[in-house]
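The values are calculated or read from the model by the stated rules, or taken from the named source; none is laboratory data. Keep in mind that what you see is a predicted model, and the values were worked out from it rather than measured. Neighbour counts are summed over all protein chains in view; Cβ atoms, including those assigned to glycine, are modelled from backbone coordinates with ideal geometry. With ligands, DNA and RNA removed, areas are computed over all heavy atoms of the protein, side chains included. Shrake-Rupley method; radii C 1.70, N 1.55, O 1.52, S 1.80 Å.
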Amino acid sequence: ELGPYRHFMQKEIHEQPRAIADTIEAVIDNGAFAPELFGADAAEVLRDIEGVQILACGTSYYAGLTARYWIEAIAGLPCSVEIASEYRYRTAVANPKHLVVTISQSGETLDTMEALKYARSLGHDRTLSICNVPESAIPRASRLVYYTRAGAEIGVASTKAFTTQLVALFTLTATLAKLHGRLDATQEAEHLDALRHLPGSVQHALNLEPQVTGWAERFAPKDNALFLGRGVHYPIALEGALKLKEISYIHAEAYPAGELKHGPLALVDEAMPVVVIAPNDRLLEKVKSNMQEVRARGGELFVFTDEDSHFGPSDGVHVIRAPRHVGVLSPIVHTIPVQLLAYHVALARGTDVDKPRNLAKSVTVE
Ligand code: F6R
């Protein structure tokens, strides 16, 4: 069942080009973003929404955080994202014109299910679930559904479920943008094209595996690591830190790079590896000055960038380049190297990669 792979996690990381292609198949075949992709009465549910409330846990929550950048920038709708276990126990103000989106690989996470029920009890009747398991509890309790087609995910640490959630959320964003008159035919064609090319770009990122393996030995003896990103890549830093802590048991924290000076810089010294997600986007110059702040304190930098960013390795600065910057879908491509890093560091430390201690694949209790 594992084929050439040592663990399900490694296999599932490598399945991502296929999982993404399967998840976007319906959109590509349709040749357009259309509400019907989310359910028969989706046009009616989505047309006059005034905002989006995303609810999820763990990695699925980070997919939601990424989507917020897209939904506000591309669809022009206000979007909040909240951890389901927090939302369900606080007194929230509901706006029935907001769409409640739950994200869950398993479709059985108790807190996410309860957050959905709570939202409904507050008067939210426009509900949409992004889920990987057909007919599981959360999609059954939602009016609209988009199924990711990652296939069964066996490794406890979520990999292909996350990147397929992201393409589903991007599809939702573009569909909302179109319904709200914010996507013209040219932009729609560009987004469809970007999706069509994504499996290939993810494959190129997977080809970086030997380079990432080269970093793993340096990480293996560390006790702590810091992950930095800005903008839409900040949630990818969070996901990278979560993957590393889950399977290698190295304590890892992620921060938006602009927050360094507001506290975490105090932790940086020669012993602290700092992983930076630094693609060639409009925030790159800001990220570079954050990297200088780290180097000035002796921190060792491990930078994931892309080909057109024009900066290379130097003393204490290691650089791995993904292929050409892919624009709006860049966070999906940049997820691959952080997954590979966590995997190879865990291998070097000899942990149980597919079944990390204390964790369960599906969290059906509080
Ligand atoms: C992390 C991980 C968990 C899940 C979380 C939500 O690698 O797998 O953080 O993402 O338990 O699970 P689902 O998506 O099934 O609701």
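Among the candidates Pro139, Pro134, which residue alone is open to solvent by 20 Å² or more (accessible area, probe 1.4 Å) and either within 14 Å of the ligand (Cβ to nearest atom) or among the hydroxyl-bearing types (Ser, Thr, Tyr) (or both)?
Numbers: Pro139 fails: open to solvent by 20 Å² or more (accessible area, probe 1.4 Å).
Every option except Pro134 fails the conditions.
So is Phe162 in contact with an Asp or Glu (Cβ under 8 Å, 6 or more places away or on another chain) and open to solvent by less than 10 Å² (accessible area, probe 1.4 Å) or not?
Details: in contact with an Asp or Glu (Cβ under 8 Å, 6 or more places away or on another chain): yes; open to solvent by less than 10 Å² (accessible area, probe 1.4 Å): yes.
In short, yes.
Kindly indicate whether any position in region 64-83 is near the ligand (Cβ under 10 Å from one of its atoms) and open to solvent by less than 40 Å² (accessible area, probe 1.4 Å).
No, that holds for no residue.
I'd like the full set of residues that are under 28 Å from Lys361 (Cβ atoms) and either in contact with a Pro (Cβ under 9 Å, 6 or more places away or on another chain) or in contact (Cβ under 8 Å) with a residue 60 or more places away in the chain (or both), limited to region 82-98.
Ser85
Every residue in region 338-366 that is within 16 Å of the ligand (Cβ to nearest atom) and buried (at least 22 other Cβ atoms within 10 Å of the Cβ), please. I'd like the intermediate steps shown before the answer.
Initial filter on region 338-366 (within 16 Å of the ligand (Cβ to nearest atom)): 338-343, 345-346, 351-366.
Passing the criteria: Val338, Gln339, Leu340, Leu341, Ala342, Tyr343, Val345, Ala346, Val353.
I'm checking my understanding of the structure. Among residues of region 258-272 that are in contact with an Asp or Glu (Cβ under 9 Å, 6 or more places away or on another chain) and assigned to a helix (DSSP H, G or I), which one is farthest from Leu65 (Cα to Cα)?
Initial filter on region 258-272 (in contact with an Asp or Glu (Cβ under 9 Å, 6 or more places away or on another chain)): 260-261, 264-265, 267-268, 270-272.
Next cut, assigned to a helix (DSSP H, G or I) only: 260-261, 264-265, 267.
Values: Leu260: 20, Lys261: 23, Pro264: 21, Leu265: 24, Leu267: 25 Å.
Filtering region 258-272 for residues that are in contact with an Asp or Glu (Cβ under 9 Å, 6 or more places away or on another chain) and assigned to a helix (DSSP H, G or I), the one farthest from Leu65 (Cα to Cα) comes out as Leu267.
Quick one: which strands (runs of 3 or more DSSP E) sit completely within region 57-153 and have at least 3 residues that are over 30 Å from Met9 (Cα atoms) and at pLDDT 95 or above? Before the answer, list the steps.
Values: elements: 79-83, 98-104, 127-131, 144-147.
The strands (runs of 3 or more DSSP E) meeting that bar are 98-104.
Restricting the search to region 98-131, which residues are among the polar types (S, T, N, Q), open to solvent by less than 50 Å² (accessible area, probe 1.4 Å) and out of contact with any helix residue (DSSP H, G or I) (no Cβ under 8 Å at 6 or more places or on another chain)?
So the first thing to find is which residues in region 98-131 are among the polar types (S, T, N, Q), and the list is 102, 104-106, 109, 112, 121, 127, 129.
After this cut, where a residue has to be open to solvent by less than 50 Å² (accessible area, probe 1.4 Å) as well, the list is 102, 104-106, 109, 112, 127, 129.
Listed by number, the list holds a single entry, Ser106.
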